[in-house]
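The values are calculated or read from the model by the stated rules, or taken from the named source; none is laboratory data. All of these numbers come straight from a predicted model, not from anything done at the bench. Methodologically, a virtual Cβ is constructed for each residue, glycine included, from the backbone with ideal geometry; neighbour enumeration extends over all protein chains shown.
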Amino acid sequence: MSKELLELNQALALKEALARKLSQSDRQLKPIQCQSKNNIQNLKWDVAKIQKEKEDLVLTLQMTKKEVTQAKLSKHLQTHLQKLEEEISELKKLKEQRKLLKMKIIQ
């Protein structure tokens, strides 16, 4: 009987230790999850902002293409548009990486 009680106490102690460890892991994971969520939200905002700027530049570019005297400005806008498209691409990659990181952290 005391052997069974001893085994039960040991099992209980192991389970309590595991519960403490899980609780500690959850406490450590929460700030990381919040930060990842904030980072993803910031990246979404950046992508939306740059997307809007791109659309504005596309409209401006279309208008300037109609004017022969604005050829230099058009070239500048095309270059800027290309840079923005590259930046959007990079931000989307970062966003995807953060999502993957968040998924790995959760697992």
Inset, instruction - With respect to E4, determine if the residue is at pLDDT 90 or above, loosely packed, with under 11 Cβ neighbours inside 10 Å and not polar (S, T, N, Q). - result: no
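Pick from I32, I106: which is surrounded by fewer than 11 Cβ atoms within 10 Å (Cβ to Cβ) and out of contact with any Phe, Trp or Tyr (no Cβ under 9 Å at 6 or more places or on another chain)?
On the way: I32 fails: surrounded by fewer than 11 Cβ atoms within 10 Å (Cβ to Cβ).
Among I32, I106, only I106 is surrounded by fewer than 11 Cβ atoms within 10 Å (Cβ to Cβ) and out of contact with any Phe, Trp or Tyr (no Cβ under 9 Å at 6 or more places or on another chain).
Each row is one residue, and each column tells you yes or no for (1) surrounded by 13 or more Cβ atoms within 10 Å (Cβ to Cβ); (2) of a type in the set (A, V, I, L, M, F, W, C); (3) modelled with pLDDT under 90.
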| residue | (1), (2), (3) |
| --- | --- |
| N9 | no, no, yes |
| L12 | no, yes, yes |
| L22 | no, yes, yes |
| I50 | yes, yes, no |
| V68 | no, yes, yes |
| K75 | no, no, yes |
| Q82 | no, no, no |
| E86 | no, no, no |
Legend entry - Counted residues, the stretch 20-59 - those being without any contact (Cβ under 8 Å) to a residue 60 or more places away in the chain and either under 12 Å from the mean Cα position of the chain (by Cα) or outside any helix (DSSP H, G or I) (or both): 11
Legend entry - Criterion violated by K93 - all others in (1) surrounded by 12 or more Cβ atoms within 10 Å (Cβ to Cβ); (2) at pLDDT 85 or above satisfied: (1)
